[in-house]
Amino acid sequence: MIKNKKQIDEIISKFIGKKGSLIPLMQEIQNIERYLSIDTMRYLSEKSGVKLAEIYGVATFYTMFKLKPQGKHIVRICKGTACHVSGANSIARSLKQELNLKDNEDTTKDGLFTIMEVACLGCCSLAPVIMIDDNTYGKLTPDSVVDILKKYN
Amino acid sequence: MSFTIKVGLASCGRAAGAVEVYEAIDKYLSKNKIKAELKKTACIGMCFSEPLVEFVAEDGSSITYGKVKPVEIPELIKQFNNRSPIKNNIILSNHLKGSENTNLNNQVRIALRNCGNINPESLDDYLANKGYQSLEKVLNEMSQEEVIEEIKKSGLRGRGGAGFPTGLKWSFALQAENKKKYVVCNADEGDPGAFMDRSVLEGDPHSIIEGMAICAYAIGADEGYIYCRAEYPLAIKHLKKAIKDAESAGYLGHKILGKNFSFKVHIKEGAGAFVCGEETALMASIEGQRGMPRIRPPFPATSGLWGKPTNINNVETLANIAWIILNGSAEYSKFGTEKSKGTKVFALAGKIKNSGLIEVPMGMPLRNVIYDVGGGMLTDKPFKAVQLGGPSGGCIPEKLLDTIVDYDSITKTGAIMGSGGMVVMDTSTCMVDVAKFFLNFTQNESCGKCTFCRIGTKRMLEILTRITEGKGKMEDIDTLENLAENIIKGSLCGLGQTAPNPVLTTLRYFRDEYIEHIMNKKCPAGVCTSLIKFEVIEDKCVGCTACARKCPVNCISGEVKKIHKIDQDKCIKCGVCLETCKFDAIKKS
Ligand SMILES: Cc1cc2nc3c(=O)[nH]c(=O)nc-3n(C[C@H](O)[C@H](O)[C@H](O)COP(=O)(O)O)c2cc1C
Ligand code: FES
């Protein structure tokens, strides 16, 4: 089932026929759905006439597209060079421990947080850096990052 | 008395709390009915002391404070009115007393000329700083060929990594015959550790638009795209506003400045793929496909976006254009070396004091960049290496610090100039780990088209992982070198062709460290977690509980005044206990 059918229809009609619009189209759909389910992609394919394989190919190629439901807050852990040499791994390990996430898990059981690793948030001078939703936090330590998490619920 | 207060509100400033500072100033000014103009600017480059607040008096003299806290605002404003700067703050420059801040002293700011000085959301501010005068000049006075000749003479080379001469590139696009041509600005900035493009986009978006418009005129294009990575929301916001304002004012759109030249610009947001910074992949991505590089030729200049002639340049390259047109190519080529003219922006990060953005003339020795402009090492741990060029680059050791920054000299070391990210490393960095880090990156980002790049990097990564876990063999080093050679030969695009560079340079300059990991199962820098262990030295532990309280994963147990113990299975090896202990009772081995 697709929840936001009406909004999706509007987005599709806004882009239809415009060259090079597949990626922004999918980005906008993801913005309202929070992820791209296989049903959504199938629907998009039927509506737009773009092959499902192509849509799926694009969705899996770009890290920005999510194929699984996402947590309420997105925690981006910077694993760029500057953050790496300033201890990003310890930050990540500490976050995962605090959120009770095993090696391959990225979303907490209560659906509050999804963590992802990104390469450089452009604030290297404040390394190590994480971004929670649209807020950037810098100069972190393994224990300060735990305190920051507590601000979110 | 009226004066101006500028607050740097770029991403770096915001992350350090600049928004709160801005709001505190705003509140204080209106509450006390003080007549001062409060202005939002972007990043001046001194990111290490954000939030930054600059006070500018009517006569133009100014003073900048770093690491400002909201509570200090009333005092700072009072002090400025009385003209006696307070001492307990880091004052970065004190023009009133005539002593200038050294960080900006050794710099020559061309690409960054407006960053941190103007309000990036104000077209008027840009215009007041000679904005769009170059566009007017080319449209009124110069032929297409003359523009290209001027850029050629300036010696400007592409700042996106490869350093291809910009004027020459433009001339190819001009020669391509087609009614439809495109100009693309590459704002994908994928190199982790580089943030100069972000800073220019956030701090001076009109200079990019002007550069693109001049390029469009020179090659005969009427449409342009800015491909910006989605991780830069503020840059995208400022760009959108700038495009709208430029359209309203007639600097973009139909018949610009009344001349027979039309140009419109679109923004495309990236979707998170490093390889999309490669020009042919980038264009595939704009077209809505998976971003996979293709064989060149044909080059974009003959067949680019939707098969039309396309000129693609990097953000920093374009930021130089308007300045060159206005000040003349001779003025630009005054700076730099024989084959690398002008200035280059570097993003200083890692274990360096003045981390941030700097712009220096080409030809400056690395040592001066790091120790004079960059202020030297962050802590008292000694310098070990500087990483240049990101995942395509390499690590340059102490003994090569007198290498000058220009394309050819850097390439000789095995690194590359790249986009200008400089990550400084001290002895707490493990070079095998760094090599593994970059390979992990390229391995993840390989689009999978070429076998060597896809599988070869994977094999190299497995070997490196093995070495960092203490399971390496001496033959592994030969295998690494062998694989590296083949990946370089067997890859289509720059990603694969340069992916082995971080491994090759670390093997060249830090081979001992590899051998130490393999033969003695030791990580000299104490980074590789499988090879290190934190333990309590029982004789020294007084049972103060400090470490147990600080440990982020609660793996230290022990009662007050009793000896503590670290649970090795739960320990994440973050080292917080070691830093916390005042009795030197934690040992890392
Ligand atoms: C894997 C790969 C990634 C690249 N990433 C970028 C990038 O993020 N930004 C950029 O400007 N150029 C990047 N380039 C270089 C571009 O292909 C191209 O050379 C550049 O945009 C040309 O502009 P310039 O001549 O102004 O430097 C990349 C190249 C490769 C092979
Ligand atoms: S490396 Fe983390 S913000 Fe750049």
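The values are calculated or read from the model by the stated rules, or taken from the named source; none is laboratory data. Keep in mind that what you see is a predicted model, and the values were worked out from it rather than measured. Note: ideal-geometry Cβ built from the backbone for every residue, glycine included; neighbour counts use all protein chains shown. To get the accessible areas, we keep the full protein, side chains included, count just its heavy atoms, and leave off ligands, DNA and RNA. Shrake-Rupley method; radii C 1.70, N 1.55, O 1.52, S 1.80 Å.
Summary of the geometry: the range B:370-392 and the range A:15-67, compared by the centres of their Cα atoms, lie 43 Å apart. Quote the FRET efficiency, to the nearest 0.05, computed for A:Asn153 versus B:Leu578 with a Förster distance R0 of 35 Å and r equal to the Cβ-Cβ distance. Calculated value: 0.65. For the range A:41-63, accessible area lost to neighbouring protein chains reaches 10 Å² or more, against the chain alone with a 1.4 Å probe, at A:Glu54, A:Gly57, A:Val58, A:Phe61, A:Tyr62, A:Thr63. Split the accessible area of chain B by element, probe 1.4 Å, and carbon with sulfur accounts for 49%. With a simple spin-label model that places each label point 7 Å from the Cα along the Cα-to-Cβ direction, the separation between B:Ile295 and B:Asp402 comes to 4.6 nm.
Taking 4.7 Å between beta carbons as the limit, the unpaired Cys residues of chain A are A:Cys120, A:Cys123, A:Cys124.
When both the range B:149-191 and the range A:78-135 are represented by their alpha-carbon centers, they are found 37 Å apart. Solvent exposure of the range B:123-332 amounts to 33 Å² per residue of accessible area, where only protein heavy atoms count and the probe is 1.4 Å. Measuring with a 1.4 angstrom probe and ignoring ligands and nucleic acids, B:Asp433 comes out at about 20 Å² accessible. Of B:Lys436/B:Lys587; B:Lys153/B:Lys412; A:Lys14/B:Lys458; B:Lys169/B:Lys241, which sit over 32 Å apart, Cα to Cα? With Cα atoms farther than 32 Å apart: A:Lys14/B:Lys458.
Pull out a ≥ b ≥ c, the square roots of the eigenvalues of the alpha-carbon gyration tensor of chain B, then state rounded if a/c is under 1.5, prolate if not and a/b is larger than b/c, and oblate in the remaining case. Taking the square roots of the gyration eigenvalues as a ≥ b ≥ c, chain B is oblate. Using R0 = 25 Å, the C-beta based FRET efficiency linking B:Lys264 and B:Lys241 works out to 0.95.
If I require 15 Å or longer along the helix axis, counting alpha carbons, and a Kyte-Doolittle average no lower than -1.0, what helices from chain B are left? Use full DSSP H segments. Answer set is B:18-31, B:205-219, B:233-248, B:315-327, B:431-445, B:457-468, B:475-490. Over the range A:73-150, with every protein chain in place, what whole percent of the accessible area is carbon and sulfur at 1.4 Å, could you tell me? The C+S portion of the solvent-accessible surface of the range A:73-150 is 45 percent. What are the residues of the range B:271-289 that lose 30 Å² or more of accessible area, with a 1.4 Å probe, going from their chain alone to all protein chains? Residues of the range B:271-289 that lose at least 30 Å² of accessible area once the other chains are added: B:Ala271, B:Gly272, B:Gly288. When both the range B:212-247 and the range B:440-486 are represented by their alpha-carbon centers, they are found 39 Å apart.
Take the accessible area of B alone and of A alone, subtract that of the pair with a 1.4 Å probe, and the total buried over both chains is about 3700 Å². With a 10 Å cut-off around each Cβ of A:64-75, the average count of Cβ atoms from other chains is 1. Summed over the residues of the range B:373-423 and divided among them, the accessible surface reaches 30 Å² per residue at a probe radius of 1.4 Å.
The mean accessible area for residues of the range B:533-588, using a 1.4 Å probe and ignoring ligands and nucleic acids, is 63 Å² per residue. The ellipsoid equivalent to the alpha-carbon distribution of chain A has semi-axes of 34, 16, 13 angstrom, derived from the gyration tensor eigenvalues as √(5λ) and listed largest first. Please compute the Kirkwood hydrodynamic radius of the protein assembly as shown from all pairs of different C-alpha atoms, in Å with one decimal. Across the protein assembly as shown, the inverse of the average 1/r is 27.2 Å. Once a ≥ b ≥ c are taken as the square roots of the eigenvalues of the Cα gyration tensor of the range B:123-332, is the result rounded (a/c under 1.5), prolate (a/b larger than b/c) or oblate (a/b not larger than b/c)? Rounded. Name the longest site-free stretch of chain B, where the excluded sites are GluC sites (Glu not before Pro) in a DSSP loop with no more than 13 other beta-carbon atoms within 10 Å. After excluding every exposed loop site, the longest remaining stretch is B:339-537.
Peptide A:86-93 shows a mean partner chain C-beta count of 5 within 10 Å per residue C-beta. Based on DSSP H segments of at least four residues, each scored -39500 (n - 2.57), the protein assembly as shown has a per-residue ellipticity at 222 nm of -11000 deg cm²/dmol. Taking every alpha-carbon pair under 8 Å whose residues sit at least 6 apart, the range B:469-589 reaches a relative contact order of 23 percent.
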